[in-house]
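S.K.: There's a structure below that I have some questions on.
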Amino acid sequence: MNSELESVQQQLKGLREQIELYNYQYYVLNDPSIPDAEFDRLFRQLQDIEQRCPQLVTAESPTQRVGAAPLKAFSQVTHSVPMLSLNNAFDETEVKAFDRRVCEGLAGFSENQVEYAVEPKFDGLAVTLHYEKGIFKIGATRGDGYTGEDITHNLRTIKSIPLSLPVKAVPHFLEVRGEVLMLKADFSRLNEKQLQKGEKLFANPRNAAAGSLRQLDAAITAKRRLMFFAYGIAPNQDARVPQDTHSAVMAYLAGLRFPVARECTVVKGAEALITYYNNIAAQREQLPYDIDGVVYKVNALEQQEKLGFVARAPRFALAHKFPAQEAITRLLDIDVQVGRTGALTPVARLEPVVVGGVTVTNATLHNADEIDRKDVRIGDTVIVRRAGDVIPEVVSVVLAQRPKDTSTFTMPQNCPVCGSKAVRPEGETVSRCTGGLFCPAQRKQAILHFASRRALDIEGLGEKLVNQLVDNAIVKTPADLYLLGLLALANLERMAERSANNILAAIEKSKQTTLARFIYALGIRNVGEAIAKDLARHFGSLDSLMNSSMDDLLLVPDVGPVVAQSILDFFAEAHNREVIERLRASGVHWVENTETSPKLSENSMISGKTFVLTGALPTMTREEAKAQIEQRGGKVTGSVSRKTDYVVAGNDPGSKYEKAVGLGIPLLDEDGLKKLLQLI
Ligand code: IVH
């Protein structure tokens, strides 16, 4: 090999290792050590070199996470060692019985002597990852436990899954098992986007993860942020793999940069198992991902082997599950609630029932179509579900237990609160009250939203207080909150002077806020927290947002025509502008962040550069990409020549792509372009 090529290869190796390390720090440890811009620079450098020397591109290079063409179908993978299930326990007696069986099976062990590795039970999808000589080769679903589907192309897009292992001395073959899931925060963001795009919402993070993994086109999976957690390996005799305990195997995997739950630990005896269960149950809501219980595994591998398996589950492990999140009860009536944007939501009034430790008396029925689809009638026996902190919902009717005297429900033609006409536009599922802020229900919700934790965060301004303030015509809009005095508050029912003072202090404190919170607090239809942040980042000041046009708004990532129209409609309303002015006059303020708003002409990566766009980009239209480039002083031309600085290639790119490769012109995919545009 000539020495020039060798030195390029060395450079590539160094860059790839650096990028892998930063990826690991970012996606697994959640602790990046370099600024994003520096990461992007390295990544681009790697891309550039690989473009110039395509023969040196390897499948495990960090640039190759999203492969080429979508698959036609999944192929099957037979698991070398079956992927079994776990026996379940739902209470302490069953846990104690498990420990007793383990002690008996190990003969000579008495209670409180056996050591267990304990871990969260992830509520995701089981996968297995094959590494050959340290390189990720095949990834598959669990399937029926014996054969699964080959989803390598999708798993490769998950940044927390290493494409190559960072250690030289790894076994020739290593099979890592674990769970793919979607973090709760990424799930909310995804659903917020789905809502804005008018697409179907995912019921929970597990379904969202499943839907994302089942894609034939890895480009779709790549857009959904998925996470992987390792929980074990297929038995492996290699001396480099710890042979003594499960906890040592987990530490080994963490050393190979696989994500391992922080909550994994080792305890002794049944009492300690139960304490662990209770501890994790108490942290459940705060964990960044959903879990449905904890798993106990006899720690010593030798003991595991001795205990062996019964049917399809190991004797050495147990899943201690949280109580069911579903319950059966009777639907007593259906009421209609009016939301902040006037949406009329049918709500089921239920015979109280305990679901996962919480008493549920109301559950949402979403909308009239859902009621029809599920054929829910008043008087029915229904299944209700609670998941995490979301509103309980009616899942289905138990038809076998339908009483004779049920009655059907029809959506009212008028708002049940203010009597205004309710309308349901063609093609929409939701009926809305047309009363606007004339409707006390909408007014109350608007004020509650304004004061909510993620908006202006006015502590203590809850539903009861807002009801009184609105019903007594003391507060009509959020701006009136800043005119409240001690007298008005202290005169309200059940309001001592002390709590009135606390609320006034909280209102005062809320005056100092951020632009993103303020935009979110306005309650513009279709503008959730994530979009509000994008808008604040993009425009940098409220005035530039208020004066923006449809075209300006469409340049914001994730803002489509529907969201943009909602924003325009909101600011077109004189009443809304007046409320904003009054809020500002009362002293509500934030730091106008001109720095984060793109200084469009100063992006040196783009200014003066020539781009060629080819193929369909996954999320941006060509017009959008062009506008974004031009805003920053770049030029977009139609054909590739030596003068072209970048070629942006989407799906099915065609001859321009080949020409770019031939001329050694740097190629970007959509993400690469977005990074250059500083959109991500
Ligand atoms: S160990 C021999 N550990 O639960 C069984 N499984 O019912 C090996 N799961 O489909 C499984 N978290 O995907 C194990 N910490 C954990 C787990 C876990 C979730 C899932 C697993 C499997 C199911 C077993």
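The values are calculated or read from the model by the stated rules, or taken from the named source; none is laboratory data. Owing to the predicted nature of the structure, the values given are computational and were not obtained by experimental measurement. Please note: Cβ atoms are built from the backbone with ideal geometry, for glycine as well, and neighbour counts cover all protein chains shown.
S.K.: Among the numbered criteria (1) among the small types (G, A, S); (2) within 15 Å of the ligand (Cβ to nearest atom); (3) more than 19 Å from Y252 (Cα to Cα), which one does A97 miss?
M.R.: It fails just one condition, (2).
Conditions (1) touching a helix residue (DSSP H, G or I) at 6+ places or on another chain (Cβ under 8 Å); (2) of a type in the set (K, R), marked per residue:
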residue: D543; (1), (2): no, no
residue: N547; (1), (2): no, no
residue: M550; (1), (2): yes, no
residue: D569; (1), (2): no, no
residue: M605; (1), (2): yes, no
residue: E623; (1), (2): no, no
residue: A627; (1), (2): yes, no
residue: V636; (1), (2): yes, no
residue: K643; (1), (2): no, yes
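S.K.: Taking segment 71-94, which residues are exposed (fewer than 15 other Cβ atoms within 10 Å of the Cβ), assigned to a strand (DSSP E or B) and within 16 Å of the ligand (Cβ to nearest atom)?
M.R.: Result: N88, single match.
S.K.: So is A282 free of Cβ contacts under 8 Å to residues at least 40 places away in the same chain and among the small types (G, A, S) or not?
M.R.: Working: free of Cβ contacts under 8 Å to residues at least 40 places away in the same chain: yes; among the small types (G, A, S): yes.
Judged against the criteria, A282 is a match.
S.K.: So if I check each of E263, E285, E305, which one is acidic (D, E), within 16 Å of the ligand (Cβ to nearest atom) and loosely packed, with under 14 Cβ neighbours inside 10 Å? Break it down into steps so the answer makes sense when it comes.
M.R.: On the way: E263 fails: loosely packed, with under 14 Cβ neighbours inside 10 Å; E285 fails: within 16 Å of the ligand (Cβ to nearest atom).
Sole residue among the options that is acidic (D, E), within 16 Å of the ligand (Cβ to nearest atom) and loosely packed, with under 14 Cβ neighbours inside 10 Å: E305.
S.K.: Let me ask something additional. Take T381 and decide whether it is touching a Leu at 6+ places or on another chain (Cβ under 6 Å), over 21 Å from D290 (Cα atoms) and surrounded by fewer than 19 Cβ atoms within 10 Å (Cβ to Cβ).
M.R.: When the stated conditions are applied, T381 does not pass them.
S.K.: So if I check each of F98, F122, which one is touching an Asp or Glu at 6+ places or on another chain (Cβ under 9 Å) and aromatic (F, W, Y)?
M.R.: F122
S.K.: Continuing with this model, one more query. Which residue pairs have Cβ atoms under 6 Å apart, sit 6 or more places apart or on different chains, and have a first residue in segment 416-430 that is charged (D, E, K, R) and a second that is modelled with pLDDT under 90 and part of a loop (DSSP other than H, G, I, E, B)?
M.R.: Going by the 6 Å Cβ cut-off, the qualifying pairs are K421/T434.
S.K.: Pairs under 9 Å by beta carbon, first residue in contact (Cβ under 8 Å) with a residue 24 or more places away in the chain in segment 164-180, partner of a type in the set (K, R) and in a strand (DSSP E or B), six or more apart or different chains?
M.R.: Final answer for the pair search is E179/K121.
S.K.: Could you list, in sequence order, the residues of segment 163-178 that are within 19 Å of R65 (Cα to Cα) and either within 21 Å of the chain's Cα centre (by Cα) or within 16 Å of the ligand (Cβ to nearest atom) (or both)?
M.R.: V176
S.K.: What number of residues within segment 555-569 satisfy the criterion of being crowded, with 18+ Cβ neighbours inside 10 Å and outside any loop (DSSP other than H, G, I, E, B)?
M.R.: Residues in segment 555-569 being crowded, with 18+ Cβ neighbours inside 10 Å and outside any loop (DSSP other than H, G, I, E, B): 4 in total.
S.K.: Pick from segment 230-260 the residues that are under 24 Å from the mean Cα position of the chain (by Cα) and touching a residue at least 40 places away in the same chain (Cβ under 8 Å): which of them is farthest from the ligand (Cβ to nearest atom)? Steps first, answer last, please.
M.R.: Applying the first criterion (under 24 Å from the mean Cα position of the chain (by Cα)) to segment 230-260 yields 230-231, 254, 257-260.
Of the ones still in play, those that are also touching a residue at least 40 places away in the same chain (Cβ under 8 Å) are 230-231, 257-259.
On the way: A230: 9, Y231: 4, R257: 18, F258: 13, P259: 12 Å.
Top of the filtered list is R257.
S.K.: Answer yes or no: is there a residue in segment 591-601 that is farther than 29 Å from A625 by Cβ and more than 28 Å from the chain's Cα centre (by Cα).
M.R.: So far as segment 591-601 goes, yes, one or more of its residues are farther than 29 Å from A625 by Cβ and more than 28 Å from the chain's Cα centre (by Cα).
S.K.: Moving on to the next point. Is one or more of the residues making up segment 41-58 part of a loop (DSSP other than H, G, I, E, B), in contact with a Gly (Cβ under 6 Å, 6 or more places away or on another chain) and not hydroxyl-bearing (S, T, Y)?
M.R.: Taking every residue of segment 41-58 in turn, none turns out to be part of a loop (DSSP other than H, G, I, E, B), in contact with a Gly (Cβ under 6 Å, 6 or more places away or on another chain) and not hydroxyl-bearing (S, T, Y).
S.K.: May I pose another question? Go through (1) touching a residue at least 24 places away in the same chain (Cβ under 8 Å); (2) surrounded by fewer than 18 Cβ atoms within 10 Å (Cβ to Cβ) and name the single condition K200 misses.
M.R.: (1)
S.K.: Does T63 qualify as being away from the ligand (no atom under 16 Å from the Cβ), of a type outside the set (A, V, I, L, M, F, W, C), touching a residue at least 12 places away in the same chain (Cβ under 8 Å) and buried (at least 17 other Cβ atoms within 10 Å of the Cβ)?
M.R.: Yes.
S.K.: From R443, R453, which residue is closer than 16 Å to R525 by Cβ, of a type outside the set (S, T, Y) and modelled with pLDDT under 95? Outline the logic, then answer.
M.R.: Values: R453 fails: closer than 16 Å to R525 by Cβ.
One residue alone meets the criteria, R443.
S.K.: Go through segment 107-137 residue by residue and tally those that are crowded, with 18+ Cβ neighbours inside 10 Å, under 26 Å from E149 (Cα atoms) and more than 16 Å from the ligand (Cβ to nearest atom).
M.R.: Result for segment 107-137: 4.
S.K.: Name the residues in segment 310-354 that are within 16 Å of V384 (Cα to Cα) and either in contact with a helix residue (DSSP H, G or I) (Cβ under 7 Å, 6 or more places away or on another chain) or within 12 Å of the ligand (Cβ to nearest atom) (or both), would you?
M.R.: P346
S.K.: Check off (1) within 16 Å of the ligand (Cβ to nearest atom); (2) at positive phi for A209 and give me the number that stays unchecked.
M.R.: Condition not satisfied by A209: (2).
S.K.: In addition: Check segment 543-554 and report whether any residue there is closer than 23 Å to R224 by Cα and either without any contact (Cβ under 8 Å) to a residue 24 or more places away in the chain or surrounded by fewer than 19 Cβ atoms within 10 Å (Cβ to Cβ) (or both).
M.R.: yes
S.K.: Of the residues that sit in segment 629-680 and are among the charged types (D, E, K, R) and part of a helix (DSSP H, G or I), which one is surrounded by the most Cβ atoms within 10 Å (Cβ to Cβ)?
M.R.: The first filter runs over segment 629-680 and keeps only residues among the charged types (D, E, K, R), leaving 630, 632, 635, 642-643, 645, 652, 656, 658-659, 669-671, 674-675.
From the residues that got through so far, the ones that are part of a helix (DSSP H, G or I) too are 630, 656, 658-659, 670-671, 674-675.
Working: E630: 14, K656: 20, E658: 12, K659: 17, E670: 24, D671: 19, K674: 18, K675: 20.
Checked segment 629-680; the qualifying residue surrounded by the most Cβ atoms within 10 Å (Cβ to Cβ) is E670.
S.K.: Here's a follow-up. Quick one: is E149 within 16 Å of the ligand (Cβ to nearest atom) and touching a Cys at 6+ places or on another chain (Cβ under 8 Å)?
M.R.: In short, no.
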